[in-house]
Every structure is written in C-alpha cells, then in structure tokens.
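The values are calculated or read from the model by the stated rules, or taken from the named source; none is laboratory data. Please read these numbers as outputs of a predicted model, since none were measured by experiment. Neighbour counts are summed over all protein chains in view; Cβ atoms, including those assigned to glycine, are modelled from backbone coordinates with ideal geometry.
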Amino acid sequence: MKMGKSSCQVQGRITGPLLLVPCVFIFLTLFPYFDQQSSVITNTGTKVAEKVLQPQPTPKTEPKSICNFSAYRTNICIMKGDIRIHGNSSTVLFAPNNPKEVAASDLNKTWIIKPYARKNDGTMQTIRNVTLTSFAHLDKAPRCTTNHTVAAVIFSNRGYCGNYWHDFNDVLVPLFITTRKFNGEVQLLVTQKQDWFFLKYQAIISRLTKYEVIEFDKEQEVHCYPQAILSLYQHKDFSIDPKKPPYGLSMVNFTKFMRESYSLERDFALQVAENPMKKPRLLIIGRKHSRVIKNTDEVIYMAEELGFEVVIDDLYRGPHLQEAARVVNTFDVMIGVHGAGLTNIVFLPLNAVVIQIIPLGKLNQLFSDEFGVPARDMKLNYLQYEIVEDESTLIDLYLRDDPIFTDPMSIHKRGWHELDKIYLRQQNVKLDVVRFRPFLEKAMNFLRQ
C-alpha cells in the first residue's frame, strides 16, 4: 500500500494526460487484491459482499384456512376482509382482502357451522346452523345496509345455558378467550339469544364489548364488518390453556377479570401468619334437593374448633350476580359437594382453598376435570375428598350388594340419565368428621404458608 501511495505522489508532479497512466496501471495491478478482499468469507459461510449487495427475500405468508375443524371442543372460522352478515337467514358472506392469503381450496366454498362450544355433544342438535360462504369477490352479494368498523363475533346462547356451570364453561369463558384481544372493540351477534342471560351476566358482557348486542336471528339488515369470528374458542372444561389459540391468556387472567367486573375487594386470601388475630372464613355451599351435607352441624363444630369462621350459604341472590360475587370474595375456603354451586370459585381470591366432596359413582376424574383442574389453573389450592359408602345416603335406599356399590361402571353403561338419577339426584352425604378433619387441617396449613 505504501508503494502504491508513493508512486501516485511521484506521478502527481506530472501534468497532462500522462498523469493518469501510472495510477491506472497500479489500480489494475492491485484490483485482484481488492476483489479478493471484498469476497472474504465470514464465519457463517456467507460472503460479505454478497450479504450486503443481495436483496433479502420477503417472507412469504402462508395461505390460511378460514375454518378450523381440528379442535376437540369447537369448530371456528376466522375472517378478515369484506364480511356481510344477514342474521335472519343465518348467512355470512366473506371475501378476503387478498385472496392469496386464503387457501385456494377455501375460496368459493360453503360451511355449515353450529356456533356453540360443545362439539360432538348431543345438545348440538338444538343449536341453529349458520351458513358461511367464501368468494374471491363479493360483486353480486347483497349490499351493506349497516357498516361497522369493529370486529364481529357470532355465537349461540342456547345449548345447556341456564345451568350455572355451563353458562361459564360453554359461553362466558370461551367468550372471554375469543373477544379479550379486541379490548371492547367488538360486537356480539347472538343466535338463539336468551335475554335473561345478558341480564344476569351484564357486568361481564359490558366489559367484553362496548357495543349493543345484536339478536342475530331477528336481524333483517345486512351488517358489514372488516373482520369476524364465527363460534367461540374453547380449550378445556371451565378453564383456559395459554398454549392454545389465541395464545397467552390464562384462567388467572379470567378470575382477575371477574374481580374487576364486579369490583371485588380482595385479590388474595388471608395469610394467617401475617394476621394471627383474624380467623379465616370458610364457606359451605348449601344445597336443597340433592347432594346435601346432612350433618353440617358436626362439620361446623369441627371447623370452628380448628379456628375457622364458618358460614353456610346457597349463594342465590336473584337474577344478578353482584351480591353473590361479593359474598364469595370474602371467604378463604370453600367446601361443596360436586355441583354447579362450585362455579363460584371464580370469585375467590388467589391462594384460597377449594374442597370438592365427590359422591359415590366412580365420577372422580370427571368431577376433578370440571373443578379440580380449573381451581389449580386459577391459582387456588384444591383438595378432593372422596366419600366412602358409609358416608352416602344411598345405603339407606339400596342393598350393599347392589351394583350401585359393587359395580358402578355397570351403571355408567346404562347411560347418563340413569347415572345422573342415582348418583347425583338420589344421593346425599353424611361426612365422617374424623375422616374429613385432615382436609380442614390441610386447608388451614395452606393459609399459613
């Protein structure tokens, strides 16, 4: 390099065209060296010059299917583009903004969807069909009579709605999963709408959408939206899986949302070690017709002896949930025989304790899935007490050698109707307080941690 520089400096004294000749000669002599240096291989195996000069390819967006039928619990369709909805005819027409973003096999296609989150259940026969048809363009589609700038979510309000647990499991939790990302900028279009439902759960619905709920079946207008979801996501019984679409939400998010919706005061259960003078509150869910705890006086006496303040309450407070939610939130421990009343665990503060009493009938796993797994997902402490024959009032109705006791699975084979009649409707419980005591002691220990 020094030689090249000095030569150019010498030639710099020469004037006229001859000035360029030596420098050109030197440049041509050294060009292979510079060319070689420009193509030095990096430690990743990529030539520097090529890495700088070559244009980077634009990532390709894989065409997506409009509808997903692979989930165990629900069929769901996701649309973005020109969406026209005529509720009275249960029709949804859809053309994507860019047809290339949709799988070619999904264009000019029709689907029949039952927008309720209990796929493969017999109750789906009661759910109204919604017809979705996709096109490359909607040139011949009915004109929009009402345009919206927010998303739409279409779902059914029938099925098992009316059962408290199913209200949450089949509608409210799935609705939270499906709509939460819109932060209220979403409109609900409800087929088979039941007004009582939206009155009872108004505090929840009003925080999921800022807009009027449309009664889908009676709507004569053609409503147009830029995006829509037909049906609701559901992951598992009465809970949320953060690893499933739309990803990231959890049951802790849902219970926090419940406490905010009802302006509940307590986020955390009592910590006994920090409040030694305060008794933890224990709620026994009262029942009237079946699965009643027949010896509540004995249970209360034992619980009070262990240091609990005990209340029995069926939690019924009329058509609204506000007061029931407030009451539940004041407790640190909830005890209940399996039933819809345990759904109220959504209002308990974090780290509270839930004790589910399982009646006879070999229903342990089912009942654990319905309340045990959700309770843990809510960051509650869960205990499961499974009664024995002597704690069941069925011993007063049937002989001990009856298949009801000796072969419960034979009752299962008769179908849900028979199983429900015997194990859920005919059965009450009389707890063995000596056997049950360790569960209350463990509940107290949870609160001491």
Residues within the stretch 372-390 that are over 23 Å from GLU441 (Cβ atoms), surrounded by 21 or more Cβ atoms within 10 Å (Cβ to Cβ) and either outside the structural domain of THR296 (by TED's automatic domain parsing) or free of Cβ contacts under 8 Å to residues at least 40 places away in the same chain (or both), tallied: 0
Test: residue in the stretch 412-424 that is modelled with pLDDT of 95 or more, surrounded by fewer than 18 Cβ atoms within 10 Å (Cβ to Cβ), aliphatic (A, V, I, L, M) and under 20 Å from ASP167 (Cα atoms): yes
For THR393, the lone unmet condition from (1) hydroxyl-bearing (Ser, Thr, Tyr); (2) in contact (Cβ under 8 Å) with a residue 40 or more places away in the chain; (3) within 26 Å of PHE331 (Cα to Cα) is (3)
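Can you tell me which residue among ALA141, ALA136 is part of a loop (DSSP other than H, G, I, E, B) and touching a Pro at 6+ places or on another chain (Cβ under 7 Å)?
Details: ALA141 fails: touching a Pro at 6+ places or on another chain (Cβ under 7 Å).
When all the criteria are applied, what remains is ALA136.
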By residue number, the members of the stretch 180-201 that are touching a residue at least 40 places away in the same chain (Cβ under 8 Å) and either assigned by TED's automatic domain parsing to the domain that holds GLY341 or not aromatic (Phe, Trp, Tyr) (or both) are ARG180, LYS181, LEU189, THR191, GLN192, LEU199, LYS200
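For the stretch 368-385, state whether one or more residues are of a type in the set (Gly, Ala, Ser) and over 30 Å from THR255 (Cβ atoms). Steps first, please.
Looking only at the stretch 368-385, we keep the residues that are of a type in the set (Gly, Ala, Ser), and these are 368, 372, 375.
Checking which are over 30 Å from THR255 (Cβ atoms) leaves us with none.
Looking for residues that are of a type in the set (Gly, Ala, Ser) and over 30 Å from THR255 (Cβ atoms), one finds none in the stretch 368-385, hence no.
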List every residue pair whose Cβ atoms sit under 7 Å apart, with the two residues 6 or more apart in sequence or on different chains, where the first one lies in the stretch 132-147 and is within 19 Å of LEU230 (Cα to Cα) and the second, anywhere, is hydroxyl-bearing (Ser, Thr, Tyr) and assigned to a loop (DSSP other than H, G, I, E, B). none
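Condition check: surrounded by 12 or more Cβ atoms within 10 Å (Cβ to Cβ) and either out of contact with any Leu (no Cβ under 7 Å at 6 or more places or on another chain) or within 30 Å of PRO349 (Cα to Cα) (or both). Does THR393 satisfy that? Quick ask: steps written out before the conclusion?
On the way: surrounded by 12 or more Cβ atoms within 10 Å (Cβ to Cβ): yes; either out of contact with any Leu (no Cβ under 7 Å at 6 or more places or on another chain) or within 30 Å of PRO349 (Cα to Cα) (or both): yes.
In short, yes.
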Quick check, is HIS338 more than 20 Å from ASP267 (Cα to Cα), at pLDDT 95 or above and touching a Lys or Arg at 6+ places or on another chain (Cβ under 7 Å)? yes
The stretch 111-124: number of residues that are farther than 13 Å from GLN192 by Cα and not in a loop (DSSP other than H, G, I, E, B): 5
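Here is a yes/no grid of residues against (1) out of contact with any Pro (no Cβ under 7 Å at 6 or more places or on another chain); (2) loosely packed, with under 15 Cβ neighbours inside 10 Å:
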{"position": "SER65", "(1), (2)": "yes, yes"}
{"position": "CYS77", "(1), (2)": "yes, no"}
{"position": "ARG84", "(1), (2)": "no, no"}
{"position": "LEU93", "(1), (2)": "yes, no"}
{"position": "PRO115", "(1), (2)": "yes, no"}
Touching a residue at least 24 places away in the same chain (Cβ under 8 Å), touching a Gly at 6+ places or on another chain (Cβ under 8 Å), in the same structural domain as ILE345 (by TED's automatic domain parsing) and surrounded by fewer than 17 Cβ atoms within 10 Å (Cβ to Cβ) - does that describe any residue in the stretch 261-279? yes
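Could you pull out the residue among SER156, SER105, SER134 that is closer than 19 Å to VAL190 by Cβ and of a type in the set (Ser, Thr, Tyr)? Steps first, answer last, please.
Details: SER105 fails: closer than 19 Å to VAL190 by Cβ; SER134 fails: closer than 19 Å to VAL190 by Cβ.
The unique qualifying residue is SER156.
Identify all residues within the stretch 372-388 that are more than 23 Å from VAL299 (Cβ to Cβ) and either assigned to a loop (DSSP other than H, G, I, E, B) or among the aromatic types (Phe, Trp, Tyr) (or both); write none if there are none. So that I can check it myself, show each step before the final result.
Residues of the stretch 372-388 that are more than 23 Å from VAL299 (Cβ to Cβ), as a first pass: 373-374, 376-379.
Within the stretch 372-388, MET378, LYS379 meet the criteria.
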Within the stretch 120-160, can you find the residues that are of a type in the set (Gly, Ala, Ser) and closer than 24 Å to THR209 by Cβ? ALA151, ALA152, SER156, GLY159
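Being among the aliphatic types (A, V, I, L, M), in a loop (DSSP other than H, G, I, E, B), at negative phi and surrounded by fewer than 18 Cβ atoms within 10 Å (Cβ to Cβ), is that true of even one residue in the stretch 149-166?
Residues of the stretch 149-166 that are among the aliphatic types (A, V, I, L, M), as a first pass: 150-154.
Filter once more, keeping what is in a loop (DSSP other than H, G, I, E, B): 150.
Now restrict to residues that are at negative phi: 150.
Filter again for surrounded by fewer than 18 Cβ atoms within 10 Å (Cβ to Cβ), leaving 150.
Yes, some residue in the stretch 149-166 is among the aliphatic types (A, V, I, L, M), in a loop (DSSP other than H, G, I, E, B), at negative phi and surrounded by fewer than 18 Cβ atoms within 10 Å (Cβ to Cβ).
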